[in-house]
Amino acid sequence: MVSQFVSSHEVRVLGALGFDFPAGTHPIGRLDKDSEGLLILTTDKRVTRLLFQGEAPHRRTYLVKVKHVVSDEGLALLRAGVTIRVRGGGYYVTAPCEAERVGEPELLFVGASTTKDYTPVSWVRITLTEGKFHQVRKMVAAIGHRCIRLVRVSIEELTLEGLGAGEVREVGAAHFFEQLKIKVTSL
């Protein structure tokens, strides 16, 4: 599924979820078609600016399955910041982030792709406060690993907890802004 309601390509879109979204609903912090996890949908166009372009950085956490075992040195490089290629052909050094190896999570979504691993794999939890194009994939590639699966599990305190694949949870405005650490007075 792609993080949009219409597409000129033959792909599954958000409208296929079977939920009656209000007019003007749009995604915040898109996921590419090969990623999965938490996607915020809102009708408030100010949320993007307040969440991702505001003065205070907001934390996003991902579970990343990569080929081979990530070394302590690789984790240290991720934590310190690695050089990735960005749109336009330039290079960018990522901001310091949190990175740790974690055990294989319980199946995150019913029906999610599960394949037999014939080579060693690692699961890494990465929490960062920036979001360049395909940044997490590029970060793990910079330390010599190929991303096999990428799942956004939270944005600040808003999490996937209790949600299955394709499920939608409506959140009241006060709780929404509290979980995202956005001061309502700034709206």
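The values are calculated or read from the model by the stated rules, or taken from the named source; none is laboratory data. What you see is a predicted model, and the numbers here were worked out from it, not measured in a lab. Reconstructed Cβ throughout: ideal geometry from the backbone, glycine too, with neighbour counts over all protein chains shown.
Okay, here's what the table says:
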item: Count of the stretch 43-69 residues which are polar (S, T, N, Q), assigned to a loop (DSSP other than H, G, I, E, B) and either touching a Ser or Thr at 6+ places or on another chain (Cβ under 8 Å) or surrounded by 13 or more Cβ atoms within 10 Å (Cβ to Cβ) (or both); result: 1
item: The one condition in (1) modelled with pLDDT under 95; (2) in a loop (DSSP other than H, G, I, E, B) that P96 fails to fulfil; result: (1)
item: Residues being within 20 Å of V121 (Cα to Cα), of a type outside the set (A, V, I, L, M, F, W, C) and within 15 Å of the chain's Cα centre (by Cα) - total across the stretch 38-69; result: 3
item: Residue check, V151 within 15 Å of the chain's Cα centre (by Cα) and of a type in the set (V, I, T); result: yes
item: For A112: the one exception among (1) surrounded by 11 or more Cβ atoms within 10 Å (Cβ to Cβ); (2) at pLDDT 85 or above; (3) within 25 Å of V13 (Cβ to Cβ); result: (2)
item: Criterion violated by L39 - all others in (1) on the phi < 0 side of the Ramachandran plot; (2) touching a Lys or Arg at 6+ places or on another chain (Cβ under 7 Å); (3) not aromatic (F, W, Y) satisfied; result: (2)
item: Residue match in the stretch 70-78 (condition: free of Cβ contacts under 8 Å to residues at least 24 places away in the same chain, under 19 Å from the mean Cα position of the chain (by Cα) and surrounded by 16 or more Cβ atoms within 10 Å (Cβ to Cβ)); result: no
item: Any hit, the stretch 169-176, residues being within 20 Å of T42 (Cα to Cα) and under 16 Å from the mean Cα position of the chain (by Cα); result: no
item: Matching residues in the stretch 79-88 - criterion: being among the aliphatic types (A, V, I, L, M), surrounded by fewer than 18 Cβ atoms within 10 Å (Cβ to Cβ) and not in a loop (DSSP other than H, G, I, E, B); result: A80
item: Filter result (without any contact (Cβ under 8 Å) to a residue 60 or more places away in the chain, in a loop (DSSP other than H, G, I, E, B) and farther than 18 Å from G37 by Cα) within the stretch 130-183; result: G172, K183
item: Number of positions in the stretch 3-32 that are closer than 18 Å to L160 by Cα, modelled with pLDDT under 85 and either in contact with a Phe, Trp or Tyr (Cβ under 7 Å, 6 or more places away or on another chain) or assigned to a loop (DSSP other than H, G, I, E, B) (or both); result: 5
item: Single residue of E104, E73 found to be in a loop (DSSP other than H, G, I, E, B) and under 22 Å from V140 (Cα atoms); result: E104
item: Any hit, the stretch 37-53, residues being of a type in the set (S, T, N, Q) and within 20 Å of P105 (Cα to Cα); result: no
